[in-house]
2 protein chains.
Amino acid sequence: MRGAHALLHTLVDGGVDVCFANPGTSEMHFVAALDGVPTMRPVLTLFEGVATGAADGYGRMTGRPASVLLHLGPGLGNGLANLHNARRAGTPVVTVVGDHSTAHKVHDAPLDSDIDSVAGTVSRWVRRSATAADVGPDTAAAVAAALGPPAGIATLILPADASWDDGAAPATVESEPGLAAGRGALDADALEAAAKALTGGERCVLLIGGDGATADGARAAARIAAATGATLLAETFPARSERGGGLPAVARLSYVATTAHRQLEGAAHVVLAGARSPVAFFGYPGRSGDLLPEGADVVTVAPKYGPAATALAALADLVAPGTEAPAGPHGRPELPTGELTGASASAVIGALLPDGAIVVDEANTSGVGLGQATAGGPRHDWLTLPGGAIGYGLPAAAGAAVACPDRPVWCLAADGASMYTISALWTHAREGLDVTTVVYNNAAYAVLRAELAQVGAEFTGDGSGAVARRLLDLDDPTLDFVRIAEGMGVPARRARTAEELADALRAAAAEPGPHLVEAVVPPVVR
Amino acid sequence: MRGAHALLHTLVDGGVDVCFANPGTSEMHFVAALDGVPTMRPVLTLFEGVATGAADGYGRMTGRPASVLLHLGPGLGNGLANLHNARRAGTPVVTVVGDHSTAHKVHDAPLDSDIDSVAGTVSRWVRRSATAADVGPDTAAAVAAALGPPAGIATLILPADASWDDGAAPATVESEPGLAAGRGALDADALEAAAKALTGGERCVLLIGGDGATADGARAAARIAAATGATLLAETFPARSERGGGLPAVARLSYVATTAHRQLEGAAHVVLAGARSPVAFFGYPGRSGDLLPEGADVVTVAPKYGPAATALAALADLVAPGTEAPAGPHGRPELPTGELTGASASAVIGALLPDGAIVVDEANTSGVGLGQATAGGPRHDWLTLPGGAIGYGLPAAAGAAVACPDRPVWCLAADGASMYTISALWTHAREGLDVTTVVYNNAAYAVLRAELAQVGAEFTGDGSGAVARRLLDLDDPTLDFVRIAEGMGVPARRARTAEELADALRAAAAEPGPHLVEAVVPPVVR
């Protein structure tokens, strides 16, 4: 058996049955082998960043890795930003990077580069298969490494000859190919210390992340907060939160450092479950990036990427044995009318969000009030951007839709961010994915306007900052996302009023397959 | 003075007065400082791969580095593939990667990653400025490193505090900020050995690359070939060739390894001027990737990225003192009629190519006969893809147009390749660049169809290869580049016949600013 066949069989037998691919010559044996393994679903993307972002969305929704097929070092480079995001999300991913054949490596051919060094910056596990015979065992080890615990990115570098040579055989994955998250041993001492802190009468913050933001985790956390009076917060950008349908609403630590400071102020203890000690997204002149209140102590009942939900359940048993989870909010916003703004768009989305939806949130500054507008709606999942590298939304939506074909996916994407990986729309169309994308067109990198003010930069020259501001504007020309989407095979319309947005979302919901709505909104920051 | 100001002044004083940028928070002081340094031209791109590809095109046309401003590790990742191409082209580029402030690095904030390791894979020179006081000298060293010789990529990693702190001053670049290419000492022994080989009566191949493909290099090489009977070839993908206007036509070593073998067959000596010993682009089962004929010896008069044009001139003085450069071809193809094919599109392009054009060639399989169709036309430059990472065309065209505002740029791009960095069209529009893009829409990764046959992969399953082929097709849905271009502010039309392509190119030439023509062609490989 050729190495490429062993690779495919090992993946599928190990529960990895989706491959987001952007292949090249060095991956042709993998491509050819797909016909013999119909249980593997290949999904073509037009850019590697779409493939890696899709694997992130898929892995977050299933807890199982998808495989990603990349073409040499440049393909890995193109996929790197969304692998960074997957790394920060703790998503299991098996990355397969094709390389030149072993004999060809000595020639330093045009596409040759140092794949191993680049892969090492995002992967928990990197291996280069030496021969076809190694491919089966190496693939099995890659799947096991991706599953963890903790889950993460495993990168297998596959020389073309290891792929095309005979002498390979599939291998068995030495790991439970089930849900990757939430596994790992609990720390009894930490649970006791947390219980003591929470019941000691001083102000406590319970900060949850990872699978602590799932339904079970959120319920347990809400019980703890109700019983002890602790302030319950989720990390700023959770990989996946289960929300709505009566689940407790969990506020998130603000991205804005000054607001986050206020949320944490006065806490004597911070209990962490699947989250890290809070830090600012960026450093600013003269301000500390450490958001931990001075003198506060930290108790970690589950580390980042650890078993947060089970730790929260155990902690709730200790401090809230008789306390029920408080009922979450119920009720949707009224459908607003009139000119569209970020806030009124949020109300429309809250009013119409379908039951069981998966929301991929890359709305950035335009997503004003989205959390509140949707908390009382039907049960749904909410994905955000733990790694901060924009361009994850449209790809992750593709992956979530492949993972959960029976659920509607709503992708809320800022204009600037969506342009990074806009070709994901073609994959939405190719695969007939039930993704409704709302692109907020405010014709600006509005978040950077805010950051420009934050960092205390002053303008020289005529003092107007006109040159600088032009680097943060997306007008001149204004992007027309309706045409762009139609050009990639996704039906699209534009909404300038709340009514038009509501109509467009209803029309999208009435028809299977992908849709795009360009929501024209004013920028939040002028 | 703040570090950001010292950076800008040092760049501009050192002759680096264009910055292709995709900034983020950590680069806001750089952005703010732009207002005080109006001699620096900032060019906004919507994706980092556009910025790096533009810097490649700019550097190839000017011999001077542009600067590229990237946002942390993910921004560098997004720009990596086109930096790979620039590295292989030997293009001078100064890459500035903003990083978290030094104090913030300890927090491992969401966007933190190992920038240094990734940068090292594409850069000749990498440095991380420790303080604001270092920024001036470090920037000057970066510019000098980019200029070489040999020219290449210099990457300066700039912590936000080094950028925002005071105490910096501009520094002077210790290098001639002139043409980077073509400098370096000649090797007299190698020249003598080459002369001996060329005049010894055995079959010789003279393989040129780098600045050997400029007008002076090509003329000298053609004199050598005329006087000695040597076979003159250019490397497969020269970074920049000067062609037309009576310059000698230089055939290129074929990308197809079997054809390249035939071109080199029987050579006893291969003389290299700015090229490396010939190797295949990819390795294939059972075939050597080394294209050097068995027993042939190699004489290198100028190494890859070395002073090829001056070496060729010196060699011509030795072996062809009385020989004039033979006249190159003259005359354009007739304008063809009827349904468009890759070949007839090439004839249309050859018939209409404007005097002084810069052609950015990423036509891939659709560019059938382009070289021949244009060799006898007016004087022009031709850029190809030495690094092989597709997605360079539209960005490099932007950079070439910024470098040479008075020259028309024709960007010939394959459909699959153009989708990698399609947002470059927005930059064409934003900057009003005189770029006419022809996208060949054959609805396939046609080159991969050929490669699938080359690698000897066989299909299992039902043997039809239907699953594999679907990964190489770009239909279902077919991309509509007219809408995509219009959505990004570039006027566009579609051509299905040779007449329509000619009309569209004439209309584009009659109006300043960017245009796109979608050329619908059948795939060369079915």
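The values are calculated or read from the model by the stated rules, or taken from the named source; none is laboratory data. None of the values given here were measured: they were computed from a predicted structure. So basically every Cβ, Gly included, is an ideal-geometry build from the backbone, and we count neighbours across all protein chains shown. Protein only, heavy atoms only, side chains kept; ligands, DNA and RNA dropped before computing areas. Shrake-Rupley method; radii C 1.70, N 1.55, O 1.52, S 1.80 Å.
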Q) Would a scan of the stretch B:412-430 turn up a residue that is over 23 Å from A:Val68 (Cα atoms), open to solvent by 10 Å² or more (accessible area, probe 1.4 Å) and within 11 Å of another protein chain (Cβ to nearest Cβ)? A) yes
Q. Do you know which residues across the stretch A:122-137 are assigned to a loop (DSSP other than H, G, I, E, B) and either over 20 Å from B:Ser288 (Cβ atoms) or within 12 Å of chain B (Cβ to nearest Cβ) (or both)?
A. A:Val122, A:Ser123, A:Arg124, A:Ser129, A:Ala130
Q) How about the stretch B:465-500: which of its residues are at the interface with chain A (Cβ under 7 Å from one of its Cβ atoms) and in a loop (DSSP other than H, G, I, E, B)? A) B:Gly465, B:Leu471, B:Asp476, B:Pro477, B:Leu479, B:Asp480, B:Met488, B:Gly489
Q) Restricting the search to the stretch A:328-377, which residues are within 19 Å of A:Ala249 (Cβ to Cβ) and of a type in the set (Ser, Thr, Tyr)? A) A:Ser346, A:Thr374
(Q) So in the stretch B:434-451, with the set limited to residues that are of a type in the set (A, V, I, L, M) and open to solvent by 10 Å² or more (accessible area, probe 1.4 Å), which one is farthest from the other protein chains (Cβ to nearest Cβ)? (A) B:Ala443
Q. Can you name the condition, by its number, that A:Ala119 falls short on among (1) out of contact with any Asp or Glu (no Cβ under 9 Å at 6 or more places or on another chain); (2) within 28 Å of A:Ala400 (Cα to Cα); (3) part of a helix (DSSP H, G or I); (4) more than 14 Å from chain B (Cβ to nearest Cβ)?
A. (4)
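Conditions (1) in a helix (DSSP H, G or I); (2) more than 8 Å from chain B (Cβ to nearest Cβ), marked per residue:
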residue	(1), (2)
A:Thr39	no, yes
A:Gly57	yes, yes
A:Arg60	yes, yes
A:Leu69	no, yes
A:Pro74	yes, no
A:Ala86	yes, yes
Q.
Against the condition over 23 Å from B:Val455 (Cα atoms), touching a helix residue (DSSP H, G or I) at 6+ places or on another chain (Cβ under 9 Å) and acidic (Asp, Glu), how does A:Asp35 come out, does it pass?
A. no
Q.
If a residue must be surrounded by fewer than 19 Cβ atoms within 10 Å (Cβ to Cβ), touching a residue at least 60 places away in the same chain (Cβ under 8 Å) and more than 15 Å from B:Pro523 (Cβ to Cβ), how many such residues does the stretch B:332-350 contain?
A. 3
Q. Which of the following residues is at the interface with another protein chain (Cβ under 7 Å from one of its Cβ atoms) and not hydrophobic (A, V, I, L, M, F, W, C): B:Asp108, B:Asp114?
A. B:Asp114
Q: Consider B:Asp112 carefully, then state whether it is assigned to a loop (DSSP other than H, G, I, E, B) and of a type in the set (Asp, Glu).
A: yes
Q: Look at the stretch B:418-459 and say how many of its residues are within 30 Å of B:Pro285 (Cα to Cα) and touching a Gly at 6+ places or on another chain (Cβ under 6 Å).
A: 3
Q. B:Ser67: touching a residue at least 24 places away in the same chain (Cβ under 8 Å), open to solvent by less than 10 Å² (accessible area, probe 1.4 Å), within 20 Å of B:Ala144 (Cα to Cα) and over 27 Å from the mean Cα position of the chain (by Cα), yes or no?
A. no
Q: Looking for whichever is in contact (Cβ under 8 Å) with a residue 24 or more places away in the chain and surrounded by 24 or more Cβ atoms within 10 Å (Cβ to Cβ) here; the options are A:Ala222, A:Ala226. Which one fits?
A: A:Ala222
Q: Scan the stretch A:291-306 and give yes if some residue there is part of a helix (DSSP H, G or I), open to solvent by 50 Å² or more (accessible area, probe 1.4 Å), in contact (Cβ under 8 Å) with a residue 12 or more places away in the chain and of a type outside the set (A, V, I, L, M), otherwise no.
A: no
Q.
Consider the stretch A:308-331. How many of its residues are open to solvent by 10 Å² or more (accessible area, probe 1.4 Å) and either of a type in the set (A, V, I, L, M, F, W, C) or in a helix (DSSP H, G or I) (or both)?
A. 9
(Q) Being farther than 30 Å from A:Gly49 by Cα, of a type outside the set (Val, Ile, Thr), open to solvent by less than 30 Å² (accessible area, probe 1.4 Å) and without any contact (Cβ under 8 Å) to a residue 24 or more places away in the chain narrows it down to one residue among B:Ala162, B:Ala145; which is it? (A) B:Ala145
Q. Tally time: how many residues in the stretch A:514-526 are open to solvent by less than 10 Å² (accessible area, probe 1.4 Å) and within 14 Å of another protein chain (Cβ to nearest Cβ)?
A. 2
Q) If we scan the stretch B:16-34, do we find a residue that is in contact with a Lys or Arg (Cβ under 9 Å, 6 or more places away or on another chain), within 10 Å of another protein chain (Cβ to nearest Cβ) and surrounded by fewer than 24 Cβ atoms within 10 Å (Cβ to Cβ)? A) no
Q: Keeping to the stretch B:481-499, report how many residues are in contact (Cβ under 8 Å) with a residue 12 or more places away in the chain and open to solvent by less than 70 Å² (accessible area, probe 1.4 Å).
A: 12
Q: May I ask you to list pairs of residues, at least six apart or on different chains, whose Cβ atoms are under 6 Å apart, with the first in the stretch A:377-390 being more than 14 Å from chain B (Cβ to nearest Cβ) and over 25 Å from A:Leu335 (Cα atoms) and the second being open to solvent by less than 10 Å² (accessible area, probe 1.4 Å) and in a loop (DSSP other than H, G, I, E, B)?
A: none
Q: Scan the stretch A:500-513 and report the pairs whose first residue is without any contact (Cβ under 8 Å) to a residue 60 or more places away in the chain and whose second residue is open to solvent by less than 80 Å² (accessible area, probe 1.4 Å) and of a type in the set (A, V, I, L, M), with Cβ atoms within less than 6 Å and a gap of 6+ or a chain change.
A: A:Ala504/A:Ala495; A:Ala504/A:Val517
